[in-house]
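Everything below concerns the one structure shown next.
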Amino acid sequence: GQTLRLWSADNFGEDLIFNIADSTIYYWDATNGTSTRAVELASLTGASDVPTKTRKILVSDVDRHCIAFGTNPIDSAVLDPLLIRFSSQESVVDWTPTATNTAGDLRLSKGSEIITAVQTSRQILVYTDQSLYSMQFLGPPFTFGVSLLGDNIRIAGPNTAIAVNDVVFWMGQENFYLYDGRIQAIPCSVRDYVFNDMNNQQSFKFHAGSIGSQTEIWWFYCSSGSSEIDRYVVYNYGQQVWYYGTLV
């Protein structure tokens, strides 16, 4: 289960849509700047069947749907950790599927919960606790489709995957991986140093970032003796080398 009050956020045009993990979705309208606060998405005019509980929210870049990963069905307030729901195209408020809109839902079959989702220009990668899916826009009548890319895929935590130039890099539970059209383990010279001294009980704090100008992916994590982030490991994908260090 969730152990931290994690937030996810994405832009809808100039506005912002964001949520607390496994809880409420909020919407901030940029029109009046920071003089106005975000409000619950369900409170907006025209809001229809807005999810009440969501693991992570994203806005699909090309087709402009709001997508809730790990959310409650329309007819229930109980979160279904494998359910994906999406709003109608170009709308943040219309989540009721009809014959004349593109709102709808999908349910993944492998795993017991969605951990996270990462967007590239071609697709959205969806990680469950034991598999990796590709979610792509199809258009009517199905809107979106999902395909299983790999089973027995385990990501370290909800913030440990990152997309760079359509390649997605992530920290698994025993190695580092990338997806560039196929799933590959990244040869890692410091693998034992990292994974043999890691506090997996704090994996919701682990975080990935990138420095494009340096062709670097950074992961921040907790060593086995720490409950706070005190280590980093860096993969330079340009030079295909690794480095690591400690943090206070």
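When N11, N19 are checked against the criterion of being assigned to a strand (DSSP E or B) and open to solvent by 40 Å² or more (accessible area, probe 1.4 Å), a single residue qualifies: N11. In the set (1) under 27 Å from D22 (Cβ atoms); (2) part of a loop (DSSP other than H, G, I, E, B); (3) open to solvent by 30 Å² or more (accessible area, probe 1.4 Å), the condition left unmet by P158 is number (3).
Applying the criterion of being open to solvent by 40 Å² or more (accessible area, probe 1.4 Å), of a type outside the set (S, T, Y) and assigned to a strand (DSSP E or B) to the residues of segment 144-155, the residue that is farthest from S121 (Cα to Cα) is D151. Mind checking whether some residue in segment 63-83 is of a type in the set (S, T, Y), closer than 27 Å to D151 by Cβ and touching a residue at least 60 places away in the same chain (Cβ under 8 Å)? Checking segment 63-83: not a single residue is of a type in the set (S, T, Y), closer than 27 Å to D151 by Cβ and touching a residue at least 60 places away in the same chain (Cβ under 8 Å).
Scanning segment 231-248 for residues that are open to solvent by 70 Å² or more (accessible area, probe 1.4 Å) and assigned to a strand (DSSP E or B) yields Y243, Y244, T246. With the condition kept exactly as written, say whether any residue in segment 152-170 is among the basic types (K, R) and either modelled with pLDDT under 95 or under 22 Å from L58 (Cα atoms) (or both). Yes: one or more hits. Within the option set E228, E174, being acidic (D, E) and either closer than 26 Å to I124 by Cα or assigned to a strand (DSSP E or B) (or both) holds for one residue only, E174. Among the conditions (1) in a loop (DSSP other than H, G, I, E, B); (2) closer than 18 Å to P158 by Cβ; (3) out of contact with any Asp or Glu (no Cβ under 9 Å at 6 or more places or on another chain); (4) open to solvent by 30 Å² or more (accessible area, probe 1.4 Å), K110 misses just one, which is (3). Here T36 passes the criteria (1) in contact (Cβ under 8 Å) with a residue 12 or more places away in the chain; (2) surrounded by fewer than 20 Cβ atoms within 10 Å (Cβ to Cβ) except the one numbered (1). In the set A163, A68, A117, only one residue is part of a strand (DSSP E or B), in contact with a strand residue (DSSP E or B) (Cβ under 7 Å, 6 or more places away or on another chain), over 26 Å from W219 (Cβ atoms) and not aromatic (F, W, Y); that residue is A68.
Starting from residues that are in a loop (DSSP other than H, G, I, E, B) and either touching a Phe, Trp or Tyr at 6+ places or on another chain (Cβ under 9 Å) or within 19 Å of V167 (Cα to Cα) (or both), keep the ones in segment 211-225 and report whichever is least open to solvent (accessible area, probe 1.4 Å). The extreme case among them is C222. Screening segment 50-65 for residues that are in contact with a Ser or Thr (Cβ under 7 Å, 6 or more places away or on another chain), open to solvent by less than 60 Å² (accessible area, probe 1.4 Å) and part of a loop (DSSP other than H, G, I, E, B) and picking the one that is nearest to R107 (Cα to Cα) gives P51.
The values are calculated or read from the model by the stated rules, or taken from the named source; none is laboratory data. As the structure is a prediction and not an experimental result, all values here were calculated from the model. Ideal geometry is used to build each Cβ from the backbone, glycine not excepted, and the neighbour counts take in all protein chains shown. For accessibility, only protein heavy atoms count, side chains too; no ligands or nucleic acids. Shrake-Rupley method; radii C 1.70, N 1.55, O 1.52, S 1.80 Å.
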